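S.K.: Attaching a single structure in structure tokens format; questions to follow.
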């Protein structure tokens, strides 16, 4: 190695990065963001599922009430028919 | 299963890899880009990329090779993306008031600035050769270019640097 190469080795010697460099990397590894996004996505899925379940149960209840109303109407109708038959005899 | 165990083992070593190679990665980027803030950003991205690719890392030595290779690529990409030359042009490099002496900090700074004005590939070749003390064959493997090209870049860069230094009264002593 001649003098220029020695000077280059000296000039280009590795330097320490700014203070806290490693901590900044270890503090916000990419997985950290991915995990945060996954947690947010999971929360959205849970809320959406709960909402869907609630609406589904509401639908079931509405269906039950409609069926009850139909049965009551059918009962009343058959009762009226029986009375009409009685009167017309 | 074995692969998973190995990945977990290296996963645990990520902080150690960061601490061991942070100076190398940061210095490669800084000497190439001649901008501390940009070099820090590039170095951080390189380590994030390492973290994403830990499964493909076979050993700490392989990690060093991988880090040098990716840092070189990222630094070159960043330089191309920004399409900017070093903030201080060659003509603006200060002339020394007196002839440089051994281990002169002014000579060191002048050399770093002159290296930063070299074209992309020769610049990276010089940095890998003198910062990392790599042989031309190792540089060729990292940059995926022929060994003869590495040697030619080194020769031409050295003679260019010699010429520029001589013009500034900082030639051979």
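S.K.: Could you figure out which of (1) closer than 30 Å to residue A:27 by Cβ; (2) modelled with pLDDT of 95 or more; (3) within 14 Å of chain A (Cβ to nearest Cβ) isn't true of residue B:130?
M.R.: Unmet for residue B:130, out of (1) closer than 30 Å to residue A:27 by Cβ; (2) modelled with pLDDT of 95 or more; (3) within 14 Å of chain A (Cβ to nearest Cβ): (1).
S.K.: Consider the range B:147-166. How many of its residues are in contact with a helix residue (DSSP H, G or I) (Cβ under 6 Å, 6 or more places away or on another chain) and either farther than 20 Å from residue B:107 by Cα or outside any helix (DSSP H, G or I) (or both)?
M.R.: Final tally of qualifying residues: 4.
S.K.: Within the range A:3-89, considering only helices (runs of 4 or more DSSP H) that don't extend past its boundaries, which have at least 1 residues that are within 32 Å of the chain's Cα centre (by Cα), modelled with pLDDT under 85 and surrounded by 10 or more Cβ atoms within 10 Å (Cβ to Cβ)? Explain how you work it out, then say what you get.
M.R.: Numbers: elements: A:3-11, A:21-27, A:30-88.
Per the criteria, A:30-88.
S.K.: Identify the single condition in (1) farther than 21 Å from residue B:61 by Cα; (2) in contact (Cβ under 8 Å) with a residue 40 or more places away in the chain that residue B:166 does not satisfy, given that it satisfies every other one.
M.R.: The number of the failed condition is (2).
The values are calculated or read from the model by the stated rules, or taken from the named source; none is laboratory data. Keep in mind it's a predicted model, so treat the numbers as computed, not measured. Positions of Cβ are backbone-derived with ideal geometry, glycine not excepted, and every protein chain shown enters the neighbour counts.
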